[in-house]
Amino acid sequence: MRRIWILRLSHRRERDKRLTTHVALTARALGAEGMAYSGDIDTTLEDRIKDINRRWGGDFKVEYIEDPVKWINLMKMNGFKIIHLTMYGVNISDIINELRKYDKLVLIVGSEKVEKIYFEISDYNVAIGNQPHSEVAAIAVFLDRYFRGRELRKKFVGGEYYIIPSERGKIVKKKVNGL
């Protein structure tokens, strides 16, 4: 089983609330197990994701961490490869096949300027493109390339609602007795 965690650095509760939420939602929808974040503690963010899990299924985790470097070292000791998604790294197209051989990954994305230590502590610095881009886009492109699109067919267990795909309109159904 593949295990992927996101590390969102330096979350700023007021400035980043929507963007960090979108990082978590994108990671959840595209196959990640959870997201750790540093910076400001944000219980509203954590509650939003718990509510998404309750309504739409799944058990995506969100946890606050005080010391990201210590957390990264702990993840490394547990066999995770650390991948920093940055515009300064090796292009994803040149490295993705090598990265697919690992089943346990931490994907680091920043909010404000990322400190040099994260470039050094990472096993790989990977560029989605060598131009400024969004953390949400970086997570989405990386996970889709890593899983080769298969994550889009993932079934979420539990939840109150499900969507019936439709060419036009929205069809949302409420589950009856968990089915």
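Here are the numbers:
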{"item": "Qualifying residue in region 155-166 (condition: of a type in the set (Ser, Thr, Tyr), assigned to a loop (DSSP other than H, G, I, E, B) and exposed (fewer than 14 other Cβ atoms within 10 Å of the Cβ))", "result": "yes"}
{"item": "Total residues in region 80-100, condition under 18 Å from the mean Cα position of the chain (by Cα) and either closer than 19 Å to Met35 by Cα or among the hydrophobic types (A, V, I, L, M, F, W, C) (or both)", "result": "11"}
{"item": "Ile139 vs. criteria modelled with pLDDT of 95 or more, buried (at least 16 other Cβ atoms within 10 Å of the Cβ), assigned to a helix (DSSP H, G or I) and over 18 Å from the mean Cα position of the chain (by Cα)", "result": "no"}
{"item": "Among (1) buried (at least 17 other Cβ atoms within 10 Å of the Cβ); (2) at pLDDT 95 or above; (3) part of a helix (DSSP H, G or I) - the single one Asn73 does not satisfy", "result": "(1)"}
{"item": "Contacts under 8 angstrom Cβ, first residue in region 119-137 being of a type in the set (Gly, Ala, Ser), partner part of a loop (DSSP other than H, G, I, E, B), 6 or more apart", "result": "Ala137/Ile128"}
{"item": "Which listed residue is at pLDDT 95 or above and of a type in the set (Val, Ile, Thr), from Ile4, Ile41", "result": "Ile4"}
{"item": "Where a residue in region 23-49 is closer than 26 Å to Ile163 by Cα and its partner, wherever it lies, is surrounded by fewer than 18 Cβ atoms within 10 Å (Cβ to Cβ), with Cβ under 6 Å and at least six apart", "result": "Leu30/Glu151; Gly31/Phe147; Gly31/Glu151; Glu33/Arg3; Gly34/Lys61"}
{"item": "Leading residue by the ranking (modelled with the lowest pLDDT) among those in region 142-179 that are among the hydrophobic types (A, V, I, L, M, F, W, C) and over 17 Å from Gly31 (Cβ atoms)", "result": "Leu179"}
{"item": "Number of positions in region 12-53 that are in a loop (DSSP other than H, G, I, E, B), in contact with a Leu (Cβ under 8 Å, 6 or more places away or on another chain) and surrounded by 20 or more Cβ atoms within 10 Å (Cβ to Cβ)", "result": "2"}
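The values are calculated or read from the model by the stated rules, or taken from the named source; none is laboratory data. Keep in mind the model is a prediction, meaning the values are calculated, not measured. Using ideal geometry, Cβ is built from the backbone for each residue, glycine included, and neighbour counts are taken over all protein chains shown.
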